[in-house]
Amino acid sequence: MEKLWIIIAMGAVTYLPRALPLAVLAQGKIPEGFIRWLRFVPVAVLAALLAPELLLRDGTFDLSLTNHYLLAAVPCFLVAAKTKNLLLTVGVGLVAAILLQTYLPGI
């Protein structure tokens with residue numbers, strides 16, 4: 001019986017944060033400023049996830065030319081900004097990372 005209550009509680013914790021905003025926001029008009037603000041959320045989350053991976057190596061800040069992740073990210077950002085094509089961006093990133101690891105391994 002205890003496991004059943006745990007499952008019910010886990011379902012409520014998962015469901016309520018999704019359902020409550022929908023119920024509240026469905027009743028009225030969402031302000032235009034809030035909608036504009038929401039458009040920046042995915043970009044901000046992606047930046048927050050990528051920044052530590054690109055800028056930290058072994059727990060220290062690394063902006064040097066020996067940081068292959070940061071160097072591989074440069075063509076990715078350029079391709080993403082120009083084409084807005086996710087598959088092409090990922091492909092360019094993979095090729096850049098492979099080339100950097102192959103031809104500049106000691107750096």
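Close amide H pairs (under 5 Å, H built 1.01 Å from N) link R57 with D62, residues at least 5 positions away or on another chain. Helical runs (DSSP H, four residues minimum) scored at -39500 (n - 2.57) apiece and divided by the length of the chain put the mean residue ellipticity at 222 nm at -25000 deg cm²/dmol.
Backbone phi angles across segment 80-85, fed through the Karplus curve with coefficients 6.51, -1.76 and 1.60 (θ = phi - 60°), yield HN-Hα couplings of 5, 5, 7, 9, 6, 10 Hz in residue order; Gly and Pro are listed as x.
Considering the chain as a Gaussian network with a 10 Å cut-off on Cα pairs, which listed residue, G28, G91, G11, attains the greatest mean-square fluctuation? Comparing G28, G91, G11 in the GNM, the peak value goes to G11. Seen from S64, the other residues with C-beta closer than 14 Å to its C-beta sum to a net charge of -1, counting Lys and Arg as +1 and Asp and Glu as -1.
Ranking F61, L20, A73 by how far each Cα lies toward the positive end of the dipole of the chain (charges on Cβ) leaves L20 at the top. Our coupling estimate for segment 31-37, obtained by passing each phi through the Karplus curve with A = 6.51, B = -1.76, C = 1.60 and θ = phi - 60°, is x, 4, x, 5, 5, 4, 5 Hz, Gly and Pro reported as x. Computed on the chain, with alpha-carbon pairs under 8 angstrom and 6+ residues apart, the relative contact order is 16 percent.
Quick note: the coordinates plus some simple rules give every number you see, no bench work behind them. Just so it is clear, the structure is predicted and the values come from calculations on it, not from any experiment. Here the Cβ is made from the backbone with ideal geometry for all residues, glycine too, and neighbour counts use every protein chain on show.
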